[in-house]
Amino acid sequence: QVQLVESGGGLVQPGGSLRLSCAASGSIFSINLMGWYRQAPGMERELVAAIASGGNTHYVDSVKGRFTISRDNAKNTVYLQMNNLKPEDTAVYYCKAEVRPTSFFSFFDYWGQGTQVTVSS
């Protein structure tokens, strides 16, 4: 089985920083896209940042210049460095990976368990 385990969430003051990590494990042949989504209460889940296996990145406009996504392909891990955090960044953050399991020839989406990020004074 394939699973994604997240870590790094917590409570931080406005202007502070957090670093989220998400490690994929199990019977993995390869991983294509990896990304971070977030969902605030009463809001739709939105894509925050994504990174391709070759390193190309995408960010939602609201986090450009503040967040940085990166990955370590050898460790099957994706990171999200969040700087200058704002109250509107408060949400549950989920990682997602497009994973090809060893026994299959197609990619499937796998999700992390979610981690709470709260930005408040």
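See the values below:
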| read-out | value |
| --- | --- |
| Residue that is of a type in the set (Gly, Ala, Ser) and either surrounded by 15 or more Cβ atoms within 10 Å (Cβ to Cβ) or modelled with pLDDT of 95 or more (or both), where the choices are 62, 103 | 62 |
| Test: residue in segment 27-47 that is over 18 Å from residue 117 (Cβ atoms) and free of Cβ contacts under 8 Å to residues at least 60 places away in the same chain | no |
| Total residues in segment 48-63, condition over 13 Å from residue 81 (Cα atoms) and in contact with a Phe, Trp or Tyr (Cβ under 8 Å, 6 or more places away or on another chain) | 0 |
| Complete set of residues in segment 89-100 that are outside any helix (DSSP H, G or I) and open to solvent by less than 10 Å² (accessible area, probe 1.4 Å) | 91, 93, 95, 97, 99 |
| Enumeration of residues in segment 106-121 that are open to solvent by 70 Å² or more (accessible area, probe 1.4 Å) and either among the charged types (D, E, K, R) or in contact with a strand residue (DSSP E or B) (Cβ under 9 Å, 6 or more places away or on another chain) (or both) | 107, 108, 109, 111, 113, 116 |
| Residue list for segment 34-64, filter: more than 11 Å from the chain's Cα centre (by Cα) and hydrophobic (A, V, I, L, M, F, W, C) | 40, 43, 52, 60, 63 |
| Residue ranges of strands (runs of 3 or more DSSP E) in segment 1-49 with at least 1 members in contact with a Cys (Cβ under 8 Å, 6 or more places away or on another chain), among the hydrophobic types (A, V, I, L, M, F, W, C) and open to solvent by less than 40 Å² (accessible area, probe 1.4 Å) | 2-7, 18-26, 28-39 |
| Answer residue from segment 67-88, given it is touching a residue at least 40 places away in the same chain (Cβ under 8 Å), over 15 Å from residue 10 (Cα atoms) and not in a strand (DSSP E or B) and is least open to solvent (accessible area, probe 1.4 Å) among those | 76 |
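The values are calculated or read from the model by the stated rules, or taken from the named source; none is laboratory data. These figures come from a predicted structure and were not determined experimentally. Cβ sites come from the backbone with ideal geometry, for glycine too, and all protein chains shown count toward neighbours. When the accessible area is computed, the model is the full protein with side chains, heavy atoms only, and any ligands, DNA or RNA have been set aside. Shrake-Rupley method; radii C 1.70, N 1.55, O 1.52, S 1.80 Å.
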